[in-house]
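Student: Dropping the structure in here first, questions after.
Any read-out appearing in this document is the output of simple, stated calculations on the displayed coordinates, not a laboratory observation. What you are looking at is a predicted structure, and each value in this text was computed from that prediction instead of being measured. Virtual Cβ from ideal backbone geometry, glycine too; neighbours counted across all protein chains shown.
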Amino acid sequence: MRMKLSIDSIIAFVLFLIGFITYLFIIPSQIQVLGFLHQGLSPFVFPRVAVSGFLISSLVLFIRGIFYKKENEPIEITSKSLVVILWIIFYLLMITFIGYYFGTIIFLFLFMTYLDKGNYFKYIIVIAIFVFANYILFEKLLRIILPRGIFFE
């Protein structure tokens, strides 16, 4: 007897794998623990709690996808969907080279114009507010330095 998985289950499984890899490999490789081991909470705590929530959510989605199947669930991957996936991969690579802020500005502007051919001035205002809010939140309030990029270090 063959079990057919719903699209929710497949996506949940992929998300679980991403979370698992992040928890075991990416978080330890990106966070340096110097003198925090015996001084209360370490820098690992928040990322691991966040990823644990991600893992639990993906497991719930996987189980829900197995037990609550939709009939005739169409799976359609359009060219627009593939372009969005390529844009996101391009954005992640852009952050590495030109940093979070410049990469986000370029990505959001190009992405917004691709999805909606609208008012460019409105896009610039939204992007400026978003990037400024991220700068204040991460750099000033949380004191988290976002990636500067290879070219700006």
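Student: Using unit Cβ charges (K, R positive; D, E negative) and no other charged atoms, how large, in debye to the nearest 20, is the dipole of segment 76-153 about its Cα centre?
Tutor: Around 160 debye, computed over segment 76-153.
Student: Once you have the alpha carbon radius of gyration of segment 76-153, what is it after dividing by 2.2 N^0.38 Å, with N set to its residue count?
Tutor: Working it through for segment 76-153, the quotient is 1.22.
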